[in-house]
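Here's the structure, in structure tokens; my notes come after.
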Amino acid sequence: MQIQIKGVRVVDPGNIEGIRDISIRDGLFEAVSEPGQMPAVANDSDDVKVVDGQGLIAVPGLIDVHVHLREPGQEYKETIETGLKAAAAGGFTAVCSMPNTRPVNDNAQITSFILSQAQKANAARVYPVGAISRNLEGQKLNDIADMKKAGIWAVTDDGMPVTDSQLMRRTLEYCKSLDIPVLVHAEDKRLADGGSMNEGLPATVMGIKGIPNAAESVMVMRDIALAELTGARVHFCHMSTAQSIEAIRAAKAKGVRVTCETAPHYFSLTDADVPPYDTHFKMNPPLRSEKDRQAIIEGLCDGTIDMIATDHAPHAEDEKQVEFDRAAFGIVGLETALALSLDLVVRGHLTLVQLVEKMAKAPADLLGINNNIMPGNPADLTLIDLDAGWTVNPDAFVSKGRNTPFAGRRLKGAAALTIVGGRIVYTRD
Amino acid sequence: MRFEKKDILDIESLSREEITYILDTARGMKEISQRAVKKVPTLRGKTIVLFFQEPSTRTKMSFELAGKRLSADTVAISKSSSSIVKGETLRDTVRTLESMKPDIIVMRHSSSGAACQVAKWVKCSVINAGDGTHAHPSQALLDMMTIQEEKGGFEDLNVSIVGDISHSRVARSNIIGLSRMGAKVTICAPGTMIPVGIEQMGCTVARDMDTCVADADVVMMLRIQKERQGSLLFPSEREYATLYGLNPARLAMAAKDALVMHPGPLNRGVEISTRVADGEQSLILDQVTNGVALRMALFYLVAGGSKNADSN
Ligand SMILES: [Zn+2]
């Protein structure tokens, strides 16, 4: 199989910026050249696909480092196949799957299972993340080296954060010696105290128990201290508060090895946008105040926030059509993230180059892979149509999850073509 | 004026005019409860379901009597008899109830917003009888009715509300309602019981109980929930009573003719001393009496009536 993309604007920060022809063969980038220099393939055929890249942007395959694929165990919410196809439709060529499946990805067998299911999906790649502790219970370290051999690249107890500071210290030390990062879902569950939205005026008015900013930032601060102590590689997931960003900015200035991500909803929405008791706006961490939203944008601009991830968390309708405090936390994000993030470029907060860094390059750095568009590299590529206008329609999602707060929103920008390992896994109609 | 609201979900969604109209209607209803034959045929043929997922003898009885005095048929469903315990979702439960064609569902639920959600799921009228820590509109309205009876109005009235504001739907509804009607609301509680942003809902937060009560025209005490002691909100009932209890000495700091109110049930000796609760300034039992009239008014108005119930 060969793919030729002609006359496309390539945005590959630090590597290429300009109009190029790209040739892909046998799963790899074969050549990237100035327009017109590439030997013309005869025609579109079964074996050869020629893509007119005019008006499109080619970027290294987007990578989402925080996705809940739900398989094994909760296939009614999402399967590895539907999740990876949704990712491809959203322009992602790879996603990192969180370990809170049932059973938990806390051993090599589950890791292998996830990878083999992903193989069959013919969609985005998966980079599984293993659990830190047995069954996410925060008690005993898993056989992390074993899981690493099977294919995990990082560990986390996402959703069930490690409360025990000593366990966290040991985890960091151990993972440092294995040379894998530790992903931190920063939340002090005692401070969160069963709350279901941001602690602030909207929660007070609705009588909903609030989750204070400090529930996140105290754990960010603790784990910065532990990162400094151990020298381990710490990555903070789905940052939502001004205080967390402030702490990470200071840590980076000091040379501590930390990175972090935020999710599109944290720079697109605030708690004031939550319609009364609309459970599609319930996620953890919750939508914060306008001040926090501004701090997130500022953190993206000045580089404190390294990357954008979705925290894609599909749920069945039944789990959302209930009382607000009983509804499941989480929203889907794979199919809206690119357009919502492109809005940062439209509004002038980020350049397109910065956005590609945050959605493709920084995630690759975290994973320890090189996704440059260059001959010899695996051909993972996203073609973006910046002008494509569309309206979010949950019923049209590829994901099984319909739980989005963005239903009905007009967005601009979409993946036109997603290529994974030299195969076209998504084409926009 | 014609009352257009299908549901009574909270005070927030009621305008000043609507509140006045409800209170006017309730005054008319009160007279019915004082007759020898306490029944008018106004809502004959109408069915009211009392769906109480949270136990509440007082409020349920008040709504039930209100319905009966208007000749409506009332059916009560409590938690033990409803299928919620069998794992049915709230949505399924209320849609099942609705299929039996009630005209009004009165509901009490432990989750904030439950009544608002149910109002979207069913076509019949929904009256919120208390949802989580969100709203308790009929309680706030009966409190307003009681204050209006005694004081004639609300403009520039100093109303103090003392107690666990964070967990009180009564406080939220009263703060919104009383401030909307022109009263000046001051609240007081330990910092553990003051929710973020409460000032923006229409009140000021007093530094301590003495400041809060000083010159008050109405002192509204909230029930302290003893089971919350474990959640670190206050160290002991004794200390709470010392700092935030209403006793005769504190009441003396309020205006001479200050009114004492409490939504009940009372924790005597904790948030309110017996001498105050049973004293001359206490309106606690008047609140209960007015509760029936006010709820009659709500039934009558959501069922489509205009101010004079007895006219047909
Ligand atoms: Zn998480």
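The values are calculated or read from the model by the stated rules, or taken from the named source; none is laboratory data. No experiment lies behind these values; they were computed from the predicted model shown. Cβ placement follows ideal geometry from the backbone for every residue including glycine, while neighbour counts extend to all protein chains displayed. Ligands, DNA and RNA are excluded from the accessible area calculation, which covers all protein heavy atoms including side chains. Shrake-Rupley method; radii C 1.70, N 1.55, O 1.52, S 1.80 Å.
For the pair A:GLN54 and B:ASP156, label points projected 7 Å from Cα toward Cβ lie 7.7 nm apart. Along its principal axes, the range B:1-42 has C-alpha extents of 37, 19, 17 angstrom, given from the largest down. May I ask for the net charge around B:THR133, where only other residues with Cβ less than 11 Å from the Cβ of B:THR133 are counted and Lys, Arg are +1 while Asp, Glu are -1? Summing Lys/Arg as +1 and Asp/Glu as -1 gives 0. Taking the chain by itself as reference, the range B:104-121 contains these residues with an accessible-area loss of 50 Å² or more in the full protein complex (1.4 Å probe, heavy atoms): B:SER111, B:SER112, B:GLN117. Taking the chain by itself as reference, the range A:174-216 contains these residues with an accessible-area loss of 50 Å² or more in the full protein complex (1.4 Å probe, heavy atoms): A:LEU201, A:THR204, A:VAL205, A:GLY207. Remark on chain B: B:CYS116, B:CYS124, B:CYS203 stand apart, with no other cysteine beta carbon under 4.7 Å. A 1.4 Å probe run over the protein chains yields, for the range B:137-284, 39 Å² of accessible area per residue, whole-number rounding. Take the Cα of B:THR89, go 7 Å toward its beta carbon, and the backbone nitrogen atoms of the range A:301-327 under 13 Å from that spot belong to A:315-324, A:326-327.
So for chain B: antiparallel DSSP bridges make up what percent, rounded to the nearest 5? Here the antiparallel bridges make up roughly 5 percent for chain B. The modelled label-to-label distance between B:THR211 and B:GLU239, using points 7 Å beyond Cα along the C-beta direction, is 2.0 nm.
Look at the stretch A:315-326: the mean tally of other chain Cβ atoms within 10 Å of its residues' Cβ atoms is 4. Starting from the Cα gyration tensor of the range A:60-367, take the square roots of the eigenvalues, sort them a ≥ b ≥ c, and report rounded, prolate or oblate (rounded when a/c is under 1.5, otherwise prolate if a/b is larger than b/c, else oblate). It comes out rounded by the Cα gyration axes. Quick check: Cα centre of the range A:87-123 to Cα centre of the range B:251-273, how many Å? Here the two parts' Cα centres lie 62 Å apart. A simple count of charges around A:MET307, restricted to other residues whose Cβ falls under 13 Å of its Cβ and scoring Lys, Arg +1 and Asp, Glu -1, yields -4. Need one number: buried accessible surface between chains B and A, 1.4 Å probe, both sides summed, DNA, RNA and ligands left out, in Å² to 100. Counting both chains, the buried surface is close to 1600 Å².
With a 1.4 Å probe on protein heavy atoms only, tell me which residues of the range B:129-152 lose at least 30 Å² of accessible surface in the complex relative to the chain by itself. Buried-area filter returns B:HIS134. Treating each Cα of the range B:137-284 as an identical point scatterer and summing with the Debye formula, the log10 of I(q)/I(0) at q = 0.14, 0.22 Å⁻¹ comes to -0.58, -1.58.
Between the beta carbons of B:LYS226 and A:GLU75, assuming R0 = 45 Å, the FRET efficiency works out to 0.50 to the nearest 0.05.
Solvent-accessible area assigned to carbon and sulfur over the range A:42-93 amounts to 43 percent, based on a 1.4 Å probe. Compared with the dominant Cα axis of chain B, that is its longest principal axis, helix B:57-69 is turned about 40°.
The long axis of helix A:337-346 is offset from the longest Cα principal axis of chain A by roughly 80 degrees.
Under a 5 Å amide H cut-off, with hydrogens placed 1.01 Å from N, A:VAL10 pairs with A:GLY18, A:ILE19, A:ARG20, A:ALA58 among residues at least 5 apart or on other chains. Solvent exposure of chain A amounts to 37 Å² per residue of accessible area, where only protein heavy atoms count and the probe is 1.4 Å. Bridge orientation summary for the protein assembly as shown: considering DSSP beta bridges with both residues in this region, about 35 percent are antiparallel.
Look at the stretch B:166-176: the mean tally of other chain Cβ atoms within 10 Å of its residues' Cβ atoms is 1. May I ask you to list the residues of the range A:167-185 whose amide nitrogen lies under 14 Å from a point 7 Å from Cα along the Cα→beta-carbon direction of A:ALA145? Label zone hits: A:174-180. Net charge of the neighbourhood of A:PRO363, taken over other residues with C-beta under 9 Å away and scored Lys/Arg +1, Asp/Glu -1, is -2. In the structure shown, do any of A:LYS120/A:LYS148; A:LYS189/B:LYS5; A:LYS6/A:LYS358; A:LYS77/B:LYS120; B:LYS39/B:LYS256; A:LYS77/A:LYS252 have a Cα-Cα gap over 31 Å, and if so which? Pairs exceeding 31 Å: A:LYS189/B:LYS5; B:LYS39/B:LYS256; A:LYS77/A:LYS252. A Förster radius of 22 Å combined with the Cβ-Cβ distance from B:GLN200 to B:SER13 puts the calculated FRET efficiency at roughly 0.80.
Secondary-structure-derived ellipticity at 222 nm for chain B, considering helices only, amounts to -11000 deg cm²/dmol, per-run term -39500 (n - 2.57) for DSSP H runs with n ≥ 4.
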